[in-house]
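Engineer: Before I ask anything, let me first share the structure, which is written out below as structure tokens.
The values are calculated or read from the model by the stated rules, or taken from the named source; none is laboratory data. Note that the coordinates shown come from a computational prediction; the quantities given were computed from them, not determined experimentally. Cβ placement follows ideal geometry from the backbone for every residue including glycine, while neighbour counts extend to all protein chains displayed. SASA here: full protein model, heavy atoms, side chains in, ligands and nucleic acids out. Shrake-Rupley method; radii C 1.70, N 1.55, O 1.52, S 1.80 Å.
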Amino acid sequence: MKITRRIEFSSSHVCALAGRSEAENRALYGAAANPHGHGHNYVLEVTIAGQPDPVTGMIVDLKEVKEILNQEVVQPFDHRHLNHEVPPFDRIVPTTENIALEIWRRLAPHFSGAKGRLDLVKLYETEDLYVEYAGEPA
Ligand code: NI
């Protein structure tokens, strides 16, 4: 069984590779390479898989899930400029793909036990664009 929690955060970013000219970065990333940056209202869906506890009826304690998402994603990412304020995006381009990967890395250690394991990170950059990551193949 799977349970999904949705949260939102707002961040700004620039998609540009260090060491490339602005023209080269614009050719790669389009308007997202604008060095002034721009913002997105990201929507994150985090899916936990497991079996409901026979007594509590819950796969995972949702209060804990909320706290972990707050601590690992909302507090560090919300109203931040990712390239300037949120490692590793000082070194790695904060594309939707890379942000989803980083969120997976931050969350996976919290949901690895027998109780509930991290199943899917789904990150919407806009209503019309999202990335899904389900971890490395076992
Ligand atoms: Ni963007």
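Engineer: Residue by residue through segment 109-138, note down the ones that are among the acidic types (Asp, Glu), in contact (Cβ under 8 Å) with a residue 40 or more places away in the chain and in contact with a Lys or Arg (Cβ under 9 Å, 6 or more places away or on another chain).
Structural biologist: Result: 119, single match.
Engineer: I would also like to ask the following. Considering only segment 60-82, state which residues are on the phi < 0 side of the Ramachandran plot, out of contact with any His (no Cβ under 6 Å at 6 or more places or on another chain) and of a type outside the set (D, E, K, R).
Structural biologist: 60, 62, 65, 69, 70, 71, 73, 74, 75, 76, 77, 81 - these are the residues of segment 60-82 that are on the phi < 0 side of the Ramachandran plot, out of contact with any His (no Cβ under 6 Å at 6 or more places or on another chain) and of a type outside the set (D, E, K, R).
Engineer: When residue 66 is evaluated against the numbered criteria (1) within 16 Å of the ligand (Cβ to nearest atom); (2) in a helix (DSSP H, G or I); (3) open to solvent by 50 Å² or more (accessible area, probe 1.4 Å), which criterion, by number, is the only one it fails?
Structural biologist: Evaluating residue 66 over (1) within 16 Å of the ligand (Cβ to nearest atom); (2) in a helix (DSSP H, G or I); (3) open to solvent by 50 Å² or more (accessible area, probe 1.4 Å) leaves (1) as the failure.
Engineer: Would you check if residue 26 is away from the ligand (no atom under 16 Å from the Cβ), basic (Lys, Arg) and out of contact with any strand residue (DSSP E or B) (no Cβ under 7 Å at 6 or more places or on another chain)?
Structural biologist: In short, no.
Engineer: Would you confirm whether or not segment 51-73 contains a residue that is under 10 Å from the mean Cα position of the chain (by Cα) and either under 30 Å from residue 26 (Cα atoms) or of a type in the set (D, E, K, R) (or both)?
Structural biologist: Yes, some residue in segment 51-73 is under 10 Å from the mean Cα position of the chain (by Cα) and either under 30 Å from residue 26 (Cα atoms) or of a type in the set (D, E, K, R) (or both).
Engineer: Another question, then. Just for segment 33-77: of the residues that are in contact with a helix residue (DSSP H, G or I) (Cβ under 9 Å, 6 or more places away or on another chain) and small (Gly, Ala, Ser), which one is nearest to residue 110 (Cα to Cα)?
Structural biologist: Ranking the candidates gives 37 first.
Engineer: Residue check: is residue 85 out of contact with any Cys (no Cβ under 6 Å at 6 or more places or on another chain), farther than 25 Å from residue 20 by Cβ, of a type outside the set (Ser, Thr, Tyr) and open to solvent by 60 Å² or more (accessible area, probe 1.4 Å)?
Structural biologist: no
Engineer: Looking at this structure, is residue 125 surrounded by fewer than 19 Cβ atoms within 10 Å (Cβ to Cβ), on the phi < 0 side of the Ramachandran plot and modelled with pLDDT of 95 or more?
Structural biologist: Criteria not met by residue 125.
Engineer: While we're looking at this one, here's another question. Filter segment 7-61 for residues that are under 18 Å from residue 95 (Cβ atoms) and assigned to a helix (DSSP H, G or I) and give the result.
Structural biologist: Scanning segment 7-61 gives 22, 24, 25, 26, 27, 28, 29, 30, 31, 32, 33.
Engineer: Residue 99: under 14 Å from residue 5 (Cα atoms), open to solvent by less than 80 Å² (accessible area, probe 1.4 Å) and either out of contact with any His (no Cβ under 6 Å at 6 or more places or on another chain) or in contact (Cβ under 8 Å) with a residue 12 or more places away in the chain (or both), yes or no?
Structural biologist: no
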